[in-house]
Each structure stands twice: as C-alpha cells, then as structure tokens.
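Peer 1: Input: one structure, supplied below.
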Amino acid sequence: MAVTADIPNNVKSRASFARQLHILLGLGLLVTCLFSLTTGPTGVSLLEVLPKLLSRTPLSKLEQVVLFDIRLPRLALGIAIGAALAVSGAVMQGLFRNPLADPGIVGVSSGAGLGAILAIVLGGLLPASFLAIFGQYLVAVSAFLGGWLSTIILYKVATRSGRTSIATMLLAGIAMGALAGAVSGIMTYIATDDQLRDMTFWGMGSLAGANWTKVMAAFPIILACLGTSFCLGRGLNAIALGEATAGHIGIRVQRMKNIAILCVAGATGASVAVSGGIGFIGIVAPHLLRLMSGPDHRTLLINSALLGAILLILADTISRQIVAPAELPIGIITAVLGAPIFLWILLRQRSVVDL
C-alpha cells in the first residue's frame, strides 16, 4: 500500500516541477537574450545603448547597425531555430518511443543538405536572369524543397493501406541518407575550390548570414509547426503505451503520425534552410528535460522549445567570442558540447537500443 501511495505523489511533484520549469526556462531565455545582445566584438553593449533608448537619445550609426541589423535578427533566428530543432526532437522521440531519435530520421536533414549542395554546385547553370532575382535565396529554397521532397518520399515508402510504419520509416531514412550522401559525394568530386568551401561551411551551420528577410521567411513556417506540435502532447503520451492502446482510448493514431511528421519536416526544413546543419539540439534538449521533469509531452514540448532556444543562443554567443573578431560555425560548438552528452545518454539507454 505504501508503494502505491507514493506513486501519485511522485508523479504530482514531477508535474508541478515541469510547470515551474516554464517560468525558470522563460527567465533563463530572457537572460540569455540580453547576454547575446550585449556581447560582441564591436564593443557595442545593450547596457550602454538602453539608457539612450529610454531617454530617446539618437543612437550612432554603428549602434543602430550592430543592434538592429545584425544582433536582433540573429537572436530572433536563433530562438526560432533552437525551439524548432528541440521540439522536433521531442516529437520524434515520442513518436518512435526512443530517446535517441532525431529530427533527421524523417529525412529532412539529408534531403535539405543534398538540396543545398546541388544549388551550390549546379546553381550556376541556371539562367542569368533567374539568378539575378533569386540568386541569394537559391541555397535556402533548394534546401527547404529538398527536405520536404525527401520527407514525402519516406512517408510514401513507409505508408501502406493508410497506415504508416515507424520502423519502415526509420530504415528508409537510413537508405535515404546513404543515397543523399552518395549524390553529395559526386557533387563534391566535380565542385570547384570555392564551391567546396561554401559546401563545407553550410554543412557546419551558422547564423552569420541572419537578416530580417530570413527571419520573415522562416518564422511563419516554424511558428505554425511549433503551435501545432504543442497540441500533440496528449497523443504522444498515449503513444508511449503502444499504438493499439492509444487507439483504444480515442487517439486517432494515423492522423497524429501524419501531423507529427509534417510538423517536424516543416520546422526542421525551414531551420536547416536558413542556418545549415546544426546537430545535437534535437537530441540533447528534450532528453535532459525528460530526465528532470518526466515524459509528459504536454509540458515537455513547451520546455523543449525554451531550452532549445537557450542552448542555441548560448552556442551562437560562444561561436562569436571564442575566436573574435572571426567566428566559428555554430555547428562545431553544438557538436563539441552535445557529443559528450549524447554519449552519456547512449550509455544510460543501452537497454532501450539493445546495445
């Protein structure tokens, strides 16, 4: 009797802590944003500019450019991408019932990478009039379309008689990644030195090219996908009990799978298109939160968005400072910080992945 009495109290305390994390992570995100806006190689600090803004004193040209044209769009893009990757990871982990699942499972990352590489290497073959209008957005658009196309192919392969097999999607995703890698290898072989450099830096991921145009292009897609994902919490909780059980308690399992896959494809595709490849956020953030506050997706998805944004902004701030005035690609920072955590997760979850 004592054991059965302790279980509800433990569940209640973890649920309460998960809700408190909303506030703690929200405050952490605010502090991180202020730190990001204040830090940089130019010496322009938000703490110095804020009194001028409050007193309506005109800012210098340098202060206006650094704060409003460089740091603010970069910060906004970092928040959106960090939240998108973390929530996508939480959704995939819930859908696959595996804490090592990643947004790349649905083929978005490999497809987007291939689309970007094709644009970099073969984009010069397009008509000059087309490149004059869309040239600066060619890589981003190609990456987004490549991610969506690969997701549609995987979905068609894994769906039979109106039912999507998660296991088949995982195996097809591995095959898709291998095929994309092979085609990328061919493109690497025929690329020029400048194209190889562009491909390398795009693959590492960066927010260096952030501007308001990219923010306005990615924000609507990411926000729509995140808002929809937040509504999947109850269904993902039911999926944890098994698809048959979820169906018996009223969850429309196939419909939920369709929505989840589309949301992950949209959010991850838009993120990769404007920032390149950034790894580990989608694995690390949701899993750390699951260890801290439990697997309830109704709170986990929101907390994942907040923590993912915090982690990516911190990584971006470090990338700007560590070799200032130059900057490291942000994908290097997330890999250096995320790889040890991933190995730790892997060791803890050996029984889950049958190692």
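The values are calculated or read from the model by the stated rules, or taken from the named source; none is laboratory data. Fair warning: this is a prediction, and the values are worked out from it, not measured in the lab. Glycine gets a Cβ as well: all are built from the backbone with ideal geometry, and neighbour counts include every protein chain shown. We work out accessible area using only protein heavy atoms, side chains counted, and drop any ligands, DNA or RNA first. Shrake-Rupley method; radii C 1.70, N 1.55, O 1.52, S 1.80 Å.
Peer 1: Given the criterion in contact with a helix residue (DSSP H, G or I) (Cβ under 6 Å, 6 or more places away or on another chain) and of a type in the set (Lys, Arg), identify the matching residue among Arg71, Arg56.
Peer 2: That would be Arg71, the only listed residue that is in contact with a helix residue (DSSP H, G or I) (Cβ under 6 Å, 6 or more places away or on another chain) and of a type in the set (Lys, Arg).
Peer 1: The conditions are (1) part of a helix (DSSP H, G or I); (2) closer than 30 Å to Gln254 by Cα; (3) of a type outside the set (Asp, Glu), and Ile120 fails exactly one of them. Which is it?
Peer 2: Status for Ile120: all satisfied but (2).
Peer 1: Residues in segment 143-150: is at least one open to solvent by 70 Å² or more (accessible area, probe 1.4 Å) and assigned to a strand (DSSP E or B)?
Peer 2: no
Peer 1: Which residues, taken from segment 255-305, are closer than 21 Å to Ile332 by Cβ and not in a helix (DSSP H, G or I)?
Peer 2: Gly276, Gly277, Ile278, Gly279, Phe280
Peer 1: Follow-up question, since we're still on this one. Which one of these does Leu262 not meet: (1) among the aliphatic types (A, V, I, L, M); (2) within 22 Å of Ile153 (Cα to Cα); (3) open to solvent by 10 Å² or more (accessible area, probe 1.4 Å); (4) in contact with a Leu (Cβ under 9 Å, 6 or more places away or on another chain)?
Peer 2: Only one criterion is unmet by Leu262, namely (4).
Peer 1: Hey, another quick one. Can you tell me which condition Asp102 does not meet? The list is (1) modelled with pLDDT of 75 or more; (2) open to solvent by 60 Å² or more (accessible area, probe 1.4 Å), and all the others hold.
Peer 2: Answer for Asp102: the failing condition is (2).
Peer 1: Also: Could you tell me whether segment 246-256 includes any residue that is of a type in the set (A, V, I, L, M, F, W, C) and in contact (Cβ under 8 Å) with a residue 40 or more places away in the chain?
Peer 2: Checking segment 246-256: not a single residue is of a type in the set (A, V, I, L, M, F, W, C) and in contact (Cβ under 8 Å) with a residue 40 or more places away in the chain.
Peer 1: Quick check on Ile345: is it closer than 30 Å to Pro41 by Cα and either modelled with pLDDT under 85 or surrounded by fewer than 19 Cβ atoms within 10 Å (Cβ to Cβ) (or both)?
Peer 2: no
Peer 1: Test Arg320 against the stated conditions and say whether it is open to solvent by 10 Å² or more (accessible area, probe 1.4 Å) and touching a Pro at 6+ places or on another chain (Cβ under 9 Å).
Peer 2: Judged against the criteria, Arg320 is a match.
Peer 1: Further question: Is at least one residue of segment 224-237 over 27 Å from Gly250 (Cβ atoms) and touching a residue at least 40 places away in the same chain (Cβ under 8 Å)?
Peer 2: No, segment 224-237 has no match at all.
Peer 1: Same structure again: Enumerate the helices (runs of 4 or more DSSP H) found wholly within segment 1-92, keeping only those where 2 or more residues are loosely packed, with under 13 Cβ neighbours inside 10 Å, aliphatic (A, V, I, L, M) and at pLDDT 75 or above.
Peer 2: It comes to 2-38.
Peer 1: Here's a follow-up. Of all helices (runs of 4 or more DSSP H) completely enclosed by segment 151-254, which ones contain at least 3 residues that are buried (at least 16 other Cβ atoms within 10 Å of the Cβ)?
Peer 2: 166-190, 193-204, 212-230, 233-239
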